[in-house]
Amino acid sequence: MLEEKDLLRYSRQIELEGFGVEGQEKLKQAKVLIVGVGGLGSIASLLLVASGVGVIGLIDKDKVSLSNLHRQILYRESQIGEEKVKKAKENLREVNSDCKIICYNEFLSKENAENIIKDYD
C-alpha cells in the first residue's frame, strides 16, 4: 500500500492514464536485477529507482574508471577505483532511500546465475 509521501512523490506518473495508484503499487512490489552497472545499467538503475521500483539487484565486479565516466553517469571522479556496485548503491540511495538495493560484487556466470536470478521478477 502506498503511503502519503509515495502519493506525493509519484503523483506525476500516478496521474498517467492507465497507470494510477495500482500501477505504482506494482512498481513498489517489483524486484529488478540489473546485470552490469556500466553505461546502460547505470542509467537504467537511476530511472528504475527514481520511478519507485521496490527492490533493485545490482551485479557487477568492475571498478569505477575515468575512461567510463563520460557514459556511466551514475559515478563521480571521486569514486574512481571503487567497486561499482558499492558506489552505485550509495548514489542510488541518494535518489530514493525507500528502494532496497542488493549488491553482488561478482560477474554473472553459469555457476551463480540461477541462484541470483531466482529472487527477481
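The values are calculated or read from the model by the stated rules, or taken from the named source; none is laboratory data. Predicted model only: the values in this text are computed from it and were never measured. Cβ sites come from the backbone with ideal geometry, for glycine too, and all protein chains shown count toward neighbours. Side chains included, ligands, DNA and RNA excluded: accessible areas come from the protein's heavy atoms. Shrake-Rupley method; radii C 1.70, N 1.55, O 1.52, S 1.80 Å.
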Within region 69-121, the count of residues that are open to solvent by less than 100 Å² (accessible area, probe 1.4 Å), touching a residue at least 24 places away in the same chain (Cβ under 8 Å) and farther than 26 Å from Gln29 by Cα comes to 3
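For region 6-26, what are the residues that are open to solvent by 40 Å² or more (accessible area, probe 1.4 Å) and not acidic (Asp, Glu)?
Going through region 6-26, the residues open to solvent by 40 Å² or more (accessible area, probe 1.4 Å) turn out to be 7-9, 12-13, 15-19, 21-22, 25-26.
Within region 6-26, Leu7, Leu8, Arg9, Arg12, Gln13, Leu16, Gly18, Phe19, Val21, Lys26 qualify.
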Checked Val35, Val53 against criteria (within 19 Å of Leu108 (Cα to Cα), at pLDDT 95 or above and open to solvent by less than 90 Å² (accessible area, probe 1.4 Å)); the one match is Val35
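Residue by residue, here is whether (1) closer than 30 Å to Leu8 by Cβ; (2) outside any helix (DSSP H, G or I); (3) not charged (D, E, K, R) holds:
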{"position": "Ser67", "(1), (2), (3)": "no, no, yes"}
{"position": "Arg71", "(1), (2), (3)": "no, yes, no"}
{"position": "Tyr75", "(1), (2), (3)": "yes, yes, yes"}
{"position": "Lys86", "(1), (2), (3)": "no, no, no"}
{"position": "Arg93", "(1), (2), (3)": "yes, no, no"}
{"position": "Ile101", "(1), (2), (3)": "yes, yes, yes"}
{"position": "Glu111", "(1), (2), (3)": "no, yes, no"}
{"position": "Asn115", "(1), (2), (3)": "no, no, yes"}
{"position": "Asp121", "(1), (2), (3)": "yes, yes, no"}
If you go through Gly41, Gly81, the only one that is in contact with a Lys or Arg (Cβ under 7 Å, 6 or more places away or on another chain) and either small (Gly, Ala, Ser) or part of a helix (DSSP H, G or I) (or both) is Gly81
Here the qualifying pairs (Cβ atoms under 7 Å; residues six or more apart or on different chains; first in region 1-23 and within 12 Å of Gly52 (Cα to Cα); second surrounded by fewer than 10 Cβ atoms within 10 Å (Cβ to Cβ) and aromatic (Phe, Trp, Tyr)) come out as none
